[in-house]
Amino acid sequence: EKALQEALKSLEIRPDYNQGLWGLGDAYLAMGNVDEAIAAHKKLAEKYPKWIFKLGITYARSGRESEAREMLDRLNKLRPDPFVALGQVMLNSALNNKGEAFKWLAFEPRHIWLPWVAVMDWGTNLHGDPRFDEFVKKLNLPGK
């Protein structure tokens, strides 16, 4: 509820704020309001096409794998850069495409947010894999 309130406040200040739309969709999803989560993340992806991965993750987490894979297809058509690679890690992880997630985890240059994969829920299914342990070691991050 608090996250939802804060996301809505941020969107009052700036209606197209990418972090506000991300947080709004995540808050709705955590509350079980799947349709609202999808609507927020659709708006995010429409305004910021590289954020299509977030809509894909929302579809994946709500059991709509075919729609999630459609978002992955769209993501695959974007020119690779650090942000697209971050999205690839997150969406492939959500779809349990571990090999692809690890491929994108190695993309250089790395996005500044990528180290958060070690502590956020973006790639928890990657934890415990020796490739993940090596990633954390290379970044000199604390392990979980």
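Bear in mind that the values in this text are calculations on the coordinates, not laboratory data. Quick caveat, the model's predicted, so the values are computed rather than measured. Here the Cβ positions follow ideal geometry from the backbone for every residue, glycine too, while neighbour counts run over all protein chains shown.
In whole Å, how far is the Cα centre of the stretch 70-97 from that of the stretch 1-51?
Distance between centres, Cα-based: 19 Å.
Could you give the spread of the C-alpha atoms of the stretch 69-144 along their three principal axes, from largest to smallest, in whole angstroms?
33, 23, 18
Helix by helix, which DSSP H runs in the chain go 15 Å or more along their axis at the Cα atoms and have an average Kyte-Doolittle hydropathy of -1.0 or more? All intermediate terms of the calculation are to be shown ahead of the outcome.
On the way: long enough: 2-13 (17 Å, 0.03); 18-30 (18 Å, 0.08); 34-47 (20 Å, -0.41); 65-76 (16 Å, -1.33); 82-94 (18 Å, 1.12).
Helices meeting the span and hydropathy rule in the chain are 2-13, 18-30, 34-47, 82-94.
What nm distance separates the two modelled labels at ARG14 and TRP113, each placed 7 Å from Cα along Cα→Cβ?
It works out to 1.4 nm between the two label points.
Of LYS42, LYS50, LYS103, which is the most mobile in a GNM of the chain whose springs link Cα atoms less than 10 angstrom apart?
Largest GNM mean-square fluctuation: LYS103.
Can you count the Lys pairs in the stretch 14-135 whose Cα atoms are under 24 Å apart, with each pair 8 or more apart or on different chains?
Lysine pairs meeting the criterion: 14.
How far apart, in nanometres, would the label points at ASN97 and ASP121 be if each is projected 7 angstrom from Cα along the Cα-to-Cβ direction?
2.2
Please check: in the Gaussian network model of the chain (C-alpha springs, under 10 Å), which one of ALA68, ALA94, ALA30 has the largest mean-square fluctuation.
With Cα springs under 10 Å in the chain, the top fluctuation among ALA68, ALA94, ALA30 is at ALA30.
Figure the gain on full extension for LEU139 and GLU65 (residue separation times 0.36 nm, minus the Cα-Cα span) and round it to one decimal in nm. Could the numbers behind the result be given before it?
On the way: separation 74, 0.36 × 74 = 26.64 nm, distance 3.16 nm.
Full extension from LEU139 to GLU65 adds 23.5 nm.
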